[in-house]
1. Which whole-number percentage describes the relative contact order of the range 18-322, with Cα contacts under 8 Å and a sequence gap of 6 or more?
2. In whole Å, how far is the Cα centre of the range 239-318 from that of the range 513-573?
3. Taking R0 as 35 Å, what FRET efficiency do you get between Ser249 and Trp393 from their Cβ-Cβ distance, rounded to the nearest 0.05?
4. What percent does the relative contact order of the chain come to when contacts are Cα pairs within less than 8 Å and at least six residues apart?
5. Determine the dipole magnitude for the chain: charges of +1 sit on the beta-carbon of Lys and Arg, -1 on that of Asp and Glu, nothing else is charged, the reference point is the Cα centre, and the result goes in debye to the nearest 20.
6. If you take every residue apart from Ala315 with its C-beta less than 11 Å away from the C-beta of Ala315, what net charge results, scoring Lys and Arg +1 and Asp and Glu -1?
7. What does the helix-only formula give at 222 nm for the chain: each DSSP H stretch with n ≥ 4 adding -39500 (n - 2.57), the total divided by the residues, and the result rounded to the nearest 500 deg cm²/dmol?
8. If you take all C-alpha pairs in the chain, what percent of them are over 32 Å apart?
Amino acid sequence: MSPADPALPGPGTLRALLPSLAGHRAMIARTCAAALAEQGSLVALVTLAAHAVGTAITTGRAPSATTVTALSLLVLLRALMTWREMDLSHDLAYRVLAELRVRVFDGLARSAPARVAGRRSGDLAATAMADVEALEFFYAHTTAQLLASATVFTGGAAVLAGLEPRLLAALLPVALLLVAAPFAEAAGRTTRGARTRRAAADLSADTVETVDGLRELLAFGALPERRNRLGAKGRRLGEAQRAEVTGESLAASLRELLIVLAVLAVVATTARAVHTGRLDAVWAAAAMTLALSVLGPVAESARSLSQAMGLRAAAARVDAGIKAPALAPEPATARPLPAGPLGVRLRGLGFGYDERPILRNVALDLPAGRTLALVGASGAGKSTCAHLLARFWDPQEGTIELVPASGDPVDLRELTDADLRRAVAVVGQDTPLFHGTLAENLRLAAPDADDGRLAETAGLCGLDRFASLDTVIGERGATLSGGQRARIALARALLAEPRILVLDETTAHLDNTGDAELATVLARTREQRTTLLIAHRPVTIRRADRIAVLEAGRVAEEGTWEELTTRPGSAFARLLGADTARGREKEPRAILEGLARFPGDDEAAGAES
């Protein structure tokens, strides 16, 4: 299993699924009643039929009209209750599964991005969909049936004890062995089930990635190799499934052997009881049939338990998703966020991943209505600052505060998630887009926005050049270029009207013209919000009011463009030189000379257009 997965599930894994039934007590009662009626009617039907046959053989009398009527009614009742039990049990199961999916998604959202980081989308889909779907058997074929089987067996055992106690003595050891067998093989079942779930998740992840990257695979001639990899993963899943089927076949053979032994024991005991006069011959056939018919539900329950043991891995993955801890929990006592512009203050900020420090004692002040460019080499901690400001995690040291124009600063940890999302919007390099229209994708940020507002924002960000509001956007924006997805991301953020906007390499996929155009859009409304800009392009960084340079997780220096580019040996100048050496821009001197001639956003936009 992957590192993000829970350890090999233990004995209590299936019991953890039972609380999900708590909200469906009435339906559970109806399902149990139907299962009890279905199993009880079958036992009564075959026992009464056996008694009628035994009576006819021993006395030569045909069954009475009452017996025939009772048998006919039992046949109808059995058919009706079989249908009713199947209908109710599956209705119950799918209601519970629908709730489990929502709870798994809530858990992933609550613990993201830490729980999602490092996990492939197909693996997440396997947990959210396939693993939950696998639990249908547990909810539809286990709980009510076990209760009904136990009730039917207890009632039948009581009748047998009255007819001939030795029949119960012959039956009871087999029943106990049938019940104990699933628990005896639980460890093997769990291991095989975990192997199957892991193989299914791996195949799902590879399939999703293959479909997403199909154009690139075709372009580079890598599709045959990818096809072979999928084939290998499919064979691995097939081997795991065959191992499960083989185990089930062996368990089924053992159950059949025990039932055969029970038949022999019951027949021998009945014959001995008739021979010694302890049991009337008229009741012999009925007694044998009753003994074996009450054993049938026990054997079926043992089969269900055996299969349920193989679901432990799926149950563990689902349970881990539901119970995923919130890395940014809601405050015990929330503080309201004052209206008006907001600034940002970072004090003594420290954070790391897996005991690997990223930020060390970071201190920054971003006044309301201003733009700060946060720059640094890859891995310096820029995106981590953005994620902490969005409160995907909480800092391990220090604080992040939102500073209103009047009143005390508010720590992010004192805000409700809803207040934080309304105040802060983060636009990253990756733009999550869903299959649907452009309008539907934009309304993710503002569900109540009317078409007029959508059209205005779309025009402002240049979306009207390549799509209308009714244009269907492919899944994950597959029909769009990186620059077009970036424009949609920015438009969506502007629709939310955040007071603090974080742009994390948002324009990385745009050419210089597109970058300048979006800069002009932001410049028109820059006084309405505070902007944290994470970028590599000098022409983008140039537009910020101030620049902060991160080195080794610390703020190495801070100042305006003019201050940092004219300071001898500055960290910012070294950073520009490093970018030039990697071929990202022109020579540093040419960059500085060229950009110094751009007095403002409008002129820059015009020059680059």
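Values quoted throughout were computed directly from the atomic coordinates according to the rules given, and no laboratory measurement underlies them. Not measured: the values here are computed from a predicted model. Cβ sites come from the backbone with ideal geometry, for glycine too, and all protein chains shown count toward neighbours.
1. 34
2. 75
3. On the way: r = 49 Å, r/R0 = 1.39.
Efficiency computed from Cβ-Cβ geometry: 0.10.
4. After rounding, I find 14 percent.
5. 1820
6. Summing Lys/Arg as +1 and Asp/Glu as -1 gives +2.
7. Helix-only estimate at 222 nm: -19000 deg cm²/dmol.
8. On the way: 116446 of 185136 pairs.
Looking at the chain, the distances longer than 32 Å represent 63 percent of pairs.
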